[in-house]
Amino acid sequence: MSSSDSAVDVRSLAGSDHHKYDLTLTDKVIAATGPNAHPRLAEIMPSLVRHLHDFAREVNLTVDEWTNAIELINECGRMSTDRRNETQLLCDILGLETLVDEITANLLSSTSSSSSSSPTPSAILGPFYRSNAPLLPNGTSIVRNLTPSCPWYETAQSDAAHISGKVLSSSTSLPIPNAIVDVWHTAPNGLYEQQDPSQPEMNLRGRFTTDAAGRFSFYCLRPVAYPIPDDGPAGKFLALLDRHPYRPGHIHFIVSAPEHRTLTTQIFDQRDEYIARDSVFAVKDELVVRFVPREGDPMGRWSLEYDFVLDPVARTVVA
Ligand SMILES: [Fe+2]
């Protein structure tokens with residue numbers, strides 16, 4: 001921080017006793033909320049204001065530091081486009097998206113009725129989802145236009161993988177026909193197709209429909225670790241915190257089915273060196289998978305069988 005020296009000076013003058021500050025300010029801000037405020041905001045803003053004010057008093061936050069934080073957030077907004085969500089990335093490296101995802105899942109499960117199997121845990125959506133990926137037949141590949149001229153051709157050959165499984169209902173453990181399995185992951189260069197002009201449109205993205213037995217299958221690549229984009233404010237923040245930007249190799253899924261709650265999740269390749277050091281804190285034990293060698297299939301050197309278990313829609317948040 002450019003103004004850290006002056007910030008330290010101010011703090012030394014102020015001391016650390018936050019009781020010297022005007023504590024009635026917090027109450028005044030909370031009391032300013034009007035009787036016709038949005039109900040949810042009226043419920044949660046007193047807590048947010050108290051935490052914000054307590055934080056500022058606890059750390060003796062200075063004007064220079066607050067200005068730096070404002071500029072960081074402004075920079076996130078200026079950088080965000082339909083291809084890059086820097087503000088979401090900032091939340092991700094602070095663990096906020098993972099925490100909110102966990103809270104939402106807990107709220108949903110706490111309203112559940114008895115079930116015969118546990119639903120697949122959710123994981124964060126992340127900033128690289130694109131809707132309307134191509135609908136593809138089961139057994140086809142999401143790798144598009146791969147040729148020997150591609151810089152990661154050899155890796156794509158050695159990491160070609162077949163993934164198959166079922167979509168099941170947690171209430172009955174029965175398979176769900178006509179479920180949609182929406183999948184996306186990076187190329188071996190660690191880039192999603194919208195980050196990389198050399199990749200074909202919608203490369204490594206696809207949607208598959210489960211058959212009458214609730215089964216899906218497709219070819220993809222074993223995922224590789226990649227750094228989250230660190231050329232913007234989120235990256236600068238990571239550097240200031242002496243943190244690495246890497247995510248362990250993972251594959252994203254959104255699984256949806258009639259009369260069932262849509263599942264957003266990721267699976268993580270057990271082999272990855274960053275499996276215990278995810279820069280966005282999304283790894284859960286139940287989502288760590290092990291690819292096994294696949295014999296006699298020229299399209300895939302590795303194989304994974306993985307089932308997704310969805311909750312019925314009856315499990316909804318009670319507002
Ligand atoms: Fe990702």
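Per-structure values
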quantity	calculated
Residues within the stretch 137-155 that are crowded, with 17+ Cβ neighbours inside 10 Å and either of a type in the set (A, V, I, L, M, F, W, C) or in a helix (DSSP H, G or I) (or both), tallied	5
Test set (1) farther than 27 Å from residue 305 by Cβ; (2) within 16 Å of the ligand (Cβ to nearest atom) - residue 147 fails condition number	(2)
Test: residue in the stretch 75-84 that is surrounded by fewer than 13 Cβ atoms within 10 Å (Cβ to Cβ), at pLDDT below 95 and of a type in the set (D, E, K, R)	yes
Meets criteria (surrounded by 19 or more Cβ atoms within 10 Å (Cβ to Cβ), over 17 Å from residue 127 (Cα atoms), under 23 Å from the mean Cα position of the chain (by Cα) and not polar (S, T, N, Q)) for residue 179	yes
Check on residue 132, surrounded by fewer than 17 Cβ atoms within 10 Å (Cβ to Cβ), out of contact with any strand residue (DSSP E or B) (no Cβ under 8 Å at 6 or more places or on another chain), in the same structural domain as residue 259 (by TED's automatic domain parsing) and in a loop (DSSP other than H, G, I, E, B)	yes
The listed residue being under 21 Å from the mean Cα position of the chain (by Cα), crowded, with 20+ Cβ neighbours inside 10 Å and away from the ligand (no atom under 12 Å from the Cβ), out of 285, 311	311
Qualifying residue in the stretch 285-304 (condition: within 19 Å of residue 227 (Cα to Cα), in a strand (DSSP E or B) and touching a residue at least 40 places away in the same chain (Cβ under 8 Å))	no
Residue within the stretch 281-298 that is over 30 Å from residue 176 (Cα atoms) and at pLDDT 95 or above present	yes
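The values are calculated or read from the model by the stated rules, or taken from the named source; none is laboratory data. Note that the coordinates shown come from a computational prediction; the quantities given were computed from them, not determined experimentally. In this analysis, Cβ positions are derived from the backbone assuming ideal geometry, glycine residues included, and neighbour counts consider all displayed protein chains.
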